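Trainee: Please find one structure pasted underneath; my questions will follow.
No value in this document is a laboratory result; all are computed from the given coordinates. Nothing here was measured: the structure is a model prediction, and the numbers come from that model. Note that we place each Cβ from the backbone using ideal geometry, even for glycine, and neighbour counts take in every protein chain shown.
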Amino acid sequence: MNESKKKQAAESARFTKTRLSDRKLQVKSLTRVISFTGGKGGTGKTSVVANLAVALADLGKSVLILDADLGLANVDIILGLKPRYTLQELFAGNKTLDQIIIDGPNGISLIPAASGVKSICNLSTEEKLLLVDAIEEVAYRYDYLLIDTRAGIDPEVMYFNSSSGEIVCIINPEPTSLTDTYAVIKVLSRDYGEKEFSVVVNNTPSEAQGKRAFQKLASAVSQYLNVETRLLGCIPSDPALPRSVQQQQALNLLYPSSPAALAISELAREIDSQFHQYRIKGGMQFFFKQLLEVGTYGG
Ligand SMILES: Nc1ncnc2c1ncn2[C@@H]1O[C@H](COP(=O)(O)OP(=O)(O)O)[C@@H](O)[C@H]1O
Ligand SMILES: [Mg+2]
């Protein structure tokens, strides 16, 4: 290697090192990765994630949503956003993640679901690694990365849940929701070593009913699965929510004093008030590489 090449290499190594240490510092104190799951569709995951993001932004937090649920009501539809590109373009090497991310209300950002062609939940291993790498490149800029996952227990859904620092189950008080969520927790604890779960009871006729539903789930999982659950909050059944979905606008902005909007704002404050200590978990994980570099973060 000649002198000028050596100088160039040293320069570029120094640059990379500075960039890495900048990023480490930012990741260390900032990004919290939370995935939202539930046993079955229709419990309100997408509505809660979209509106929670807007409520967290109200608290001055920067939020990135990864829409990993290819359901009927994607996050972009609920919030009236128009994706320009899909993740297909990232995988094809035509676009960067920054070009795919779109802006939403209150300054939130969204990685839209991979459209029609292929669900984000059916990615090849290379595509998954590429996606995680691309997300790691941008997510350090955000306080929160919220992942809206598809319902169910297939391994692809579990992948996103176990890749997150925290898992929140969105349930409703119906018995089927409880048994389906029990099944999700069972698989995540047995096969992926997850031992802590937060729960939000959505679409509940009363807070008392919501708490009773949580208690039922909590006692079953602690008795049979040796897993800890805690109640993050209850969101009431509220016609304002489907109305806001119909109008494709954030509930908190359209009907800020509706009971569901108030409950979601309270949920945002509750989540943001917790100084959760991230654990280094085995397997693939968002920020896994950075976690190895800095040890635990969040403290
Ligand atoms: N708290 C609530 N009160 C009334 N309707 C709700 C509530 N939460 C969700 N819904 C309605 O339930 C339906 C399913 O919600 P969605 O967020 O798409 O669920 P998921 O993503 O879990 O499939 C939507 O029509 C939504 O408007
Ligand atoms: Mg959904």
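Trainee: Along the charge dipole of segment 21-275, pointing to its positive end and built from +1/-1 on Cβ of Lys, Arg, Asp and Glu, which listed residue (Leu56, Thr176, Phe197) has its Cα farthest out?
Mentor: The residue sitting farthest along the positive end of the dipole is Thr176.
Trainee: Near Lys211, which aspartates and glutamates are there with a Cα under 13 Å away, not counting those fewer than 8 places off in the same chain?
Mentor: Glu174
Trainee: Compare the Cα positions of Ser206, Pro155, Leu90 along the charge dipole of segment 21-275 (+1 at Cβ of Lys, Arg; -1 at Cβ of Asp, Glu; about the Cα centre) and return the one farthest towards the positive end.
Mentor: Ser206
Trainee: What's the magnitude of the charge dipole for segment 21-275 around its Cα centre, counting Lys and Arg as +1 and Asp and Glu as -1 at the beta-carbon? Answer in Debye, nearest 20.
Mentor: Once rounded to the nearest 20, the dipole reads 340 debye.
Trainee: Return the percentage of antiparallel bridges among DSSP beta bridges fully within segment 21-275, rounded to the nearest 5 %.
Mentor: 5
Trainee: Please report, to one decimal in angstroms, the Kirkwood hydrodynamic radius of segment 21-275 built from all distinct Cα-Cα pairs.
Mentor: With all distinct Cα pairs of segment 21-275 included, I get 18.3 Å.
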